[in-house]
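Working notes for the structure below.
Please treat every number below as a calculation from the coordinates, not as lab data. These figures come from a predicted structure and were not determined experimentally. Glycine also receives a Cβ, built like all others from the backbone with ideal geometry; neighbour counts cover every protein chain displayed.
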Amino acid sequence: MRTLVMGFAALAMTSASSLAYADVLAAPPAATAQAPRHVTSPREAFGFDVGADYHLVNYTQWEAYLKTLASQSDRMKLVEIGKSSEGRTQYIAIVSTPENLTHLDRYQEIARRLAKAEGVSEAEARAMSAEGKAVVWIDGGLHATETVPPQALIAAVHEWLTAEDPEALRVLNDTIILFAPLNPDGMELVSNWYMRNEDPLKREFGSIPVLYQKYVGHDNNRDYYLSAMAETTNVNRQFFREWFPQIIYNHHQTAPAGTVVFMPPFRDPFNYNYDPLVMGTLSEVGAAMHSRLIEEGKPGSTMRSGANYSTWNNGMERSITYFHNAVGLLTEITGHPTPSQISLVPDNQLPRNDLPMPVAPQTWRFAQSIEYSQSINRAVLNYASRNKDRLLFNIWRMGQNAIDKGNTDTWRVTPSGIEALEAAAGENARRVDPALYNSILRDPARRDPRGYVIPADQADLPNAVAFLNSLIKTGVDVDRATQAFTVGGKAYPAGSYVVKTAQAYRPHVLDMFEPQDHPHDLQYPGGPPKLPYDATGYTLALQMGVQFDRILDGFEAPTERVADVMAPPPGKIEGSGRAGWLIDHAPVNGYILSNRLLKAGVPVFWQEGETRAGRATLAPGALWIPAGDAARPIVEAAVRDLGLNAHAVARAPGGDKIALKPVRVGLVDRYGGSMASGWTRWMLEQFEYPFEVVYPQRLDAGDLAKDFDVLVFASDMIPADLSAAAQRDQPEPESIPAEYRGWLGHITAEKTVPQLDAFVRGGGSVVTIGSSHRLAAAMGAPVQDVLLGADGKAPASTDFFIPGAVLNTEVDNRQPLAFGAPARMNVFFNRNSGFRHSGETGSIVRYPQQVAVSSGWAIGPQKLSGADAVLDLPHGEGRVIVLGPDVVNRAQARSSVRLLFNALFYGPAVSAEE
């Protein structure tokens, strides 16, 4: 991170523990007592007021305005925090008093020490809380078509650079405000698309041709614990490694019907992993926000039951903060640059606790939403100012609580524990024997871990390192063993990793390693489930297939702290044979190696059976790479950089082999963009697969074998009804630029399916993920959805409901599609299905007879008992490969994604055309 402009305050001296503020493009003179210089208003900068009807500022304009403001105001310091996916610069505008800005390094150090808590006594914490400044993050624009937040952010920065009222001056003295535009690429796209029409009445952004953040679109607010995207990584570094704000305010829209804005507090359930002080403080801030609007005569704010936002899932920007002892705020406000309407919802005209001041139906102007946003910002900042010492001290208190819990025996009370307690009580549930508290809820076997050991000798250490990097990006302390050690009678080699729970971010650690035990949350007893806001089970270690041991007792190990994200430890070449190399199929980085070899024209094979390599026996699927001048540097680089281990053998291995060939992959997408396809695209890029994005018009044109060997349909690409009449509307071709018109069209039973069927029967491969399995049935493949009744209808949610959970499966890893997979593998199931098929072969992965939910909530999972999860179905000369679960799942499912990667190679390799 580097400073661009500091304003008129003297530059702070840089210390080793502070941000790298030394690289200065402009160093204005120190502030003097003379009158403040003029600060350019938005109207002066853009020619219209922020919030003017039919007008949006784009990111290029906003970036230039930020630089202008930083050059004019001694209240602001503009700092780069990284690049976006398309290469634009992300910033934070640090706003406070000139005096505070000269001591930013000290206030940042206080925020860091209090948030991490380690080595800070209570007396020191109180002293630093009195000295420090509350750090408040306010952002906008994460979801770029939600246009109020990024435009309101422009107005907010100007307001706090120019405000002179007593409240504002107090706030500036007591706080450091971090204003952050979150999605530069999306803001540029949406604003330009809206403003492209000269006629204001024709301005819209509903017809945008691509996702408003590269790859992931709306899912950019589901990436916060994985931190895969560049933008998320940039923001997480500010949250948990640089600035440690006590309040993080994430502006969104749109409000529930018949209201103006939804604000905290949120509905249950809240996640049992975090400190309850988080929820108490969140309620306080929420009350201040609602009260501020009511005091100012601004009606229409709702909370809790007003919408379905909960605090369970860790993946959102505002929710990851709870697992880091900070207060995360979400508002969802109405508004549009084109005047909109507050609808009349009769129930929302009667005041109640969750909607204390209803709003009348009316035409709503963009400027009104901007005004509301400013008022809510004021409420949050005023709360932070009035409670500065408490916020700073309490983040230390929560961190210290976490450290203390990690150093002793603790038990989290979870829904399954309550169910066990009730079952033990039996008919006496109303008068439960208190002794059951200790025997059930304090059962020694149910203790929380003191830490986790990730062995260095596991099958896929580079993948484990990728998991640990996600923890490091979110501020978790990770240690590496400097020598071999033993814990609980088990020996671990040097280079193993240790993650202890005695750290401030213990709630996040537990949430990433331990199963989520979501409550059985029904609308009423015996009724349908309440829809969760997002996935109920998502344990990252399980999705990524990381091998780890839970350590229940206190332990020590010879370790050193990992300073930053890591490259995989270098692998090694064993043996000195010159015939070639054998490499285990288990590490997912092996797919990168395979693609590099094929790109260079180097032959590579899969061994169909077990293969001996020196003293080792490699499972089916081992890569065989014959020696050659072109192969050697590629293999050696993979060992060094990708962490792969290679066996240099003296002779070529025997047994049957599958010869891989370069694959021509078509990844199917649609106009407007598919998030599932976007995540798949990102994964294919990370693993260096060559591919082309394909749209329905190209599929309908036929002759697909001319350009493709494999066509991939991500989990949301095939609708339940493939008839042309059922497809959603798209813009008229003449209404969009010519370059995007070829992207229009739909996958239909009438036009597309016959071309796909011909492609596969001629030797091509179709790979479906998740709900796109419908395509296999449409093509006539012998597959039946076990969840559909004789009437073709899905079961009621009272009988079957798995809205996002991790399930365990049984894998036949002797089959090429499952090479490298463990015999039991966790998969992410999100409203997916299981299958029966009429062929004698083809079942690769299935759900066990006793379906096991590894993490999350499931109603009626036994309906999947014994069903197939993954099928390899010959179809003519080609193959239809059905990957039933979401084997990509927002790039988190690194264990099951190997099924997709295997499918891409396997289909073309065994095509009858060969």
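Between region 673-698 and region 633-658, how far is it from one alpha carbon centroid to the other, in angstrom? Comparing the Cα centres of region 673-698 and region 633-658, I get a distance of 29 Å.
Is region 447-561 rounded, prolate or oblate when judged by the Cα gyration tensor, a ≥ b ≥ c being the square roots of its eigenvalues, rounded requiring a/c under 1.5 and prolate requiring a/b larger than b/c? Because a/c hits 1.5 or more and a/b exceeds b/c, region 447-561 counts as prolate. In this rough spin-label picture, where each label sits 7 Å from Cα along the Cβ direction, the residue 794-residue 283 distance is 3.6 nm. Protection proxy ranking of 273-284, 341-352, 406-417, by the mean of other Cβ atoms within 10 Å over each peptide's residues and highest first, is 273-284, 406-417, 341-352.
A Stokes-Einstein calculation at 25 °C with viscosity 0.890 mPa s, built on the Kirkwood radius of region 771-882 over Cα pairs, returns a diffusion coefficient of 169 µm²/s. For region 705-780, the equivalent ellipsoid built from the Cα gyration tensor has semi-axes of 23, 16, 11 Å, listed from largest to smallest. Only helices reaching 27 angstrom along their own axis (Cα) with mean Kyte-Doolittle hydropathy no lower than -1.0 count here, and for the DSSP H runs of the chain these are 276-295, 366-386, 388-406.
At a 10 angstrom cut-off on C-beta neighbours, averaged per residue, how do the peptides 892-898, 576-582 rank from highest to lowest? Before the final figure, lay out the partial values.
Details: 892-898: 26.7, 576-582: 18.4.
Ranked from most to least packed, the peptides come out as 892-898, 576-582.
Rounded to the nearest 500, the 222 nm mean residue ellipticity of the chain from helices alone is -8500 deg cm²/dmol, with -39,500 (n - 2.57) taken per DSSP H run of at least 4 residues. Were the residues from residue 749 through residue 411 laid out at 0.36 nm apart, the gain over their Cα-Cα distance would be 116.3 nm. Extending 7 Å from Cα along the Cβ direction at residue 530 and again at residue 685 yields two label points whose distance is 3.9 nm.
Length available on full extension from residue 360 to residue 572: 0.36 nm per residue minus the Cα-Cα distance, which gives 69.3 nm.
With Cβ to Cβ distances under 12 Å as the rule, what net charge do the other residues near residue 605 carry (K, R +1; D, E -1)?
Taking every other residue near residue 605 into account, the sum is 0.
A simple spin-label model places the labels of residue 374 and residue 630 6.5 nm from each other, with each point 7 Å out along Cα-to-Cβ.
Database remark: amide H of residue 657 closer than 5 angstrom to the amide H of 608 (H placed geometrically; neighbours at sequence offset of 5 or more, or on other chains; Pro and chain starts carry no H). Among 833, 797, the ranking by other beta carbons within 10 Å of each residue's beta carbon, starting with the fewest, stands as 797, 833.
With one equal scatterer per alpha carbon and no solvent term, the Debye-computed log10 I(q)/I(0) for region 2-401 at 0.08 1/Å reads -0.39.
Tell me, what is the percent relative contact order of the chain, built from C-alpha pairs under 8 Å that lie six or more residues apart? List each step's numbers first, then the result.
On the way: 2088 pairs, mean separation 89.6, N = 914.
10 percent.
Measuring how big region 521-594 is from its alpha-carbon positions, Rg and Dmax come out at 22.0, 69 Å.
Region 621-715 has equivalent-ellipsoid semi-axes of 34, 17, 11 Å, by the square roots of 5 times the alpha carbon gyration tensor eigenvalues, sorted largest first. Remark on residue 579: its backbone amide H falls under 5 Å from those of 649, 650, 651, a criterion applied only to residues 5 or more positions apart or on other chains, H modelled at 1.01 Å from N. Kirkwood Rh over Cα pairs of region 660-760 into Stokes-Einstein at 20 °C, 1.002 mPa s: D in µm²/s? After rounding, the answer is 149 µm²/s.
Can you pick out the pairs among 214/661; 793/863; 706/751; 67/116; 405/500 whose Cα atoms lie more than 21 Å from each other? Where the Cα-Cα span goes over 21 Å, the pairs concerned are 214/661; 67/116. Here the relative contact order of region 2-401, from alpha carbon pairs under 8 Å that lie six or more residues apart, stands at 20 percent. With the Cα gyration tensor of region 573-659 giving a ≥ b ≥ c as the square roots of its eigenvalues, does the rule (a/c under 1.5 for rounded; else a/b larger than b/c for prolate; else oblate) give rounded, prolate or oblate? Note, shape of region 573-659 comes out rounded. Sort out for me the Cα centre separation of region 540-612 from region 777-850, rounded to whole Å. Each part's Cα centre sits 28 Å from the other's.
Assign one of three labels to region 388-514, namely rounded, prolate or oblate, based on the Cα gyration tensor with a ≥ b ≥ c the square roots of its eigenvalues; rounded applies when a/c is under 1.5, prolate when it is not and a/b is larger than b/c, and oblate otherwise. Spell out each step's value before the answer.
On the way: a/c = 2.51, a/b = 1.50, b/c = 1.68.
Note, shape of region 388-514 comes out oblate.
Each of 317, 198 has some number of other Cβ atoms within 10 Å of its Cβ, and from fewest to most they run 198, 317. Mean sequence separation of contacting Cα pairs (under 8 Å, at least six apart), scaled by the length of region 573-659, corresponds to a relative contact order of 48 percent. Computed across the chain, the Kirkwood radius stands at 29.5 Å (inverse of mean 1/r, all Cα pairs).
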